[in-house]
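Engineer: I have a structure I would like to understand better, so I am pasting it below and will then ask my questions one at a time.
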Amino acid sequence: MATLFDINLFALFGQLLVGLINGSFYALLSLGLAIIFGLLKIINFAQGAMYMLGAFIALLALKYMGINYWFALILVPLTVGLIGILMERFLIRPIANEDHLYSLLLTFGLALIIQGVFTHAFGSSGLSYPVPEALKGGTKLPFMYLPNYRAWIIIVSVFVCAGTWWMIEKTKLGAYLRAGTENPQLMQAFGINVPLIVTLTFGFGVALAGFAGVMAAPIYSVSPDMGSNILIAVFAIVVIGGMGSIGGAIITGLGMGVVEGLTKYFYPEASNTVIFLVMVIVLLLKPAGLFGKEA
Amino acid sequence: MNNMKLNLFLLALALLAPTVLYPVFLAKVLCFALFACAFNLLLGFAGLLSFGHAAFLGTGGYVTGYLMINSGLTPEIAIILGTLAGGLLGAIFGKLAVKREGIYFAMVTLALAQLVFFFYLQAPFTNGEDGLQGVPRGALFGLIDLSNNMVMYYFVLTIFVAGYWLINRTVHSPFGQVLKAIRENEDRATSLGYDVNQYKWLAFVISAALAALAGSTKTLVFELASLTDVHWHMSGEVILMTLVGGVGTIFGPLLGAGFIVTMQNYLSGGEMGNYIHIIMGAVFVICVLSFRSGIVGQLMKFKRNNF
């Protein structure tokens, strides 16, 4: 076993990999939250439920309709996105002019309902989703064994995050979105259909969570509470990063995954609290968050 | 004056209630009512949505439970220490949370409460998933045995009335008026020379301590302190109680707590028990969409329009 200064490199790299994987999911989820927050100024508490929904829809589609992983990767985010669009149009929009805390509570209620329905239907123990055939096996690297599916998660997540960033910063649609974030009334005055953009943005942000759910299904157990567990950590990450920038959300998500992985190696007792502790430190030193703009 | 009459009426009702209803159930309602009133002090009167109040409820419960099991302290001392522990935790969390506003405040408190949850899950003295079971109720001042449910109920009622009185006093004090000013227009309150964060912090500490008082009392009633009390579901439940009853009203949280606890008791008995979270979620959605002023708010509206 390779050791260096009493550090077990196999174990260390193993935990770093786990950290990067968790970080990929943190990044996808906080990216979705940040996009929705940018335009709607609301926090979607159901983001975790949508992630769970993504994993379950993939699982059920495979079991009952034989839809394999690759199709699920496209179809599930579309389905979840559509659910999000209906949610925004018929539930969130009617209270858009109320205090934004109400929409937080509304999405919290929706999260309880969705999680409750799935707990009732499938119990609270986890189900498993097979790793797709093409991504089975792994690669032996000098210091670690890298399962192909895990490498795939990291690569695809980074790709999706970067793509989203590019779309928002460099395309016309992204320009609308940024303009809407700055001044929706003015944009409306220019003849752009702002409510439509808002709905689509919500759908897209939620679809990202659904996509993360499909990605997560083969490596985590698919269970009704998978979403709520990760969501609270993602909230802390959002506070750490601040929602000022899309890039910030991605970097903080990945970074906190790595920090969590390192903690799992050096001091495992603190591994599920380290993100919250980092949040405390950030609040003390830079209350607006690492990438935050607001005071 | 009207409030005074209503208060006396409710007190008379509470004094007589155990002749009809099971005292442990009533004590539970009172504990949650106090919890909801403490929460409402923050949301209703200072405009701060805490998503982490379970941390204080649970801390009160664990501290009191631990002391009752492992030290020879009498219950009133254990409750006071539990309350202080919650207040201390609230003082620390409050300092951090008031640095952010609105939705961020909610997320910060939720994350801090999750930190507390993991602490109690892993700490050696909480028995993890099992919780502290068989907490003795002890004898009040070393004299009055609390193991009788009827005696316990009247003890809880006394605590509730004290807590409720304190909250009313706070709301109607000059301090409470400043909190309302902050809720209505924070910038203006600042420009008038008020140290807004300091006011918010103090409101947070009072609210946390009273939530811990509710938790301490609840532990004695049920002879149990468990992770349920620190779970984020509990933080959601107290929001729901306040919302159903009427945010920012004095009586709302009482009614809301009564409604939700009764509903839970009723549901968990029958086969509907499996649907409890779905129903809670649905109540949340309905309240937010069409019932934002809660039961008391609707009643007040009705009274204004018709009388």
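The values are calculated or read from the model by the stated rules, or taken from the named source; none is laboratory data. Note that this is a predicted model, so its numbers are computed, not measured. Ideal geometry is used to build each Cβ from the backbone, glycine not excepted, and the neighbour counts take in all protein chains shown.
Engineer: Can you name the residue in region A:118-149 that is surrounded by 16 or more Cβ atoms within 10 Å (Cβ to Cβ), more than 11 Å from chain B (Cβ to nearest Cβ) and assigned to a helix (DSSP H, G or I) and, of all such residues, is modelled with the lowest pLDDT?
Structural biologist: A:Leu135
Engineer: I've got another one for you. Could you tell me which residue of region A:264-295 is surrounded by the fewest Cβ atoms within 10 Å (Cβ to Cβ), considering only residues that are charged (D, E, K, R) and under 14 Å from B:Lys99 (Cβ atoms)?
Structural biologist: Selected residue: A:Glu294.
Engineer: May I ask you to list the residues in region A:83-100 that are within 17 Å of the chain's Cα centre (by Cα) and surrounded by fewer than 24 Cβ atoms within 10 Å (Cβ to Cβ)?
Structural biologist: First, pick out the residues of region A:83-100 that are within 17 Å of the chain's Cα centre (by Cα): A:83-84.
Correct list: A:Ile83 only.
Engineer: Let me ask something additional. Read through the list (1) away from every other protein chain (no Cβ under 14 Å); (2) closer than 25 Å to A:Leu91 by Cβ; (3) assigned to a helix (DSSP H, G or I), then give the number of the only condition that A:Gln115 fails.
Structural biologist: (1)
Engineer: So which residues in region B:92-108 are assigned to a helix (DSSP H, G or I) and either free of Cβ contacts under 8 Å to residues at least 60 places away in the same chain or surrounded by fewer than 24 Cβ atoms within 10 Å (Cβ to Cβ) (or both), if there are any at all? Steps first, please.
Structural biologist: We begin by selecting, within region B:92-108, every residue assigned to a helix (DSSP H, G or I); these are B:92-97, B:102-108.
Within region B:92-108, B:Ile92, B:Lys95, B:Leu96, B:Gly102, B:Ile103, B:Tyr104, B:Phe105, B:Ala106, B:Met107, B:Val108 qualify.
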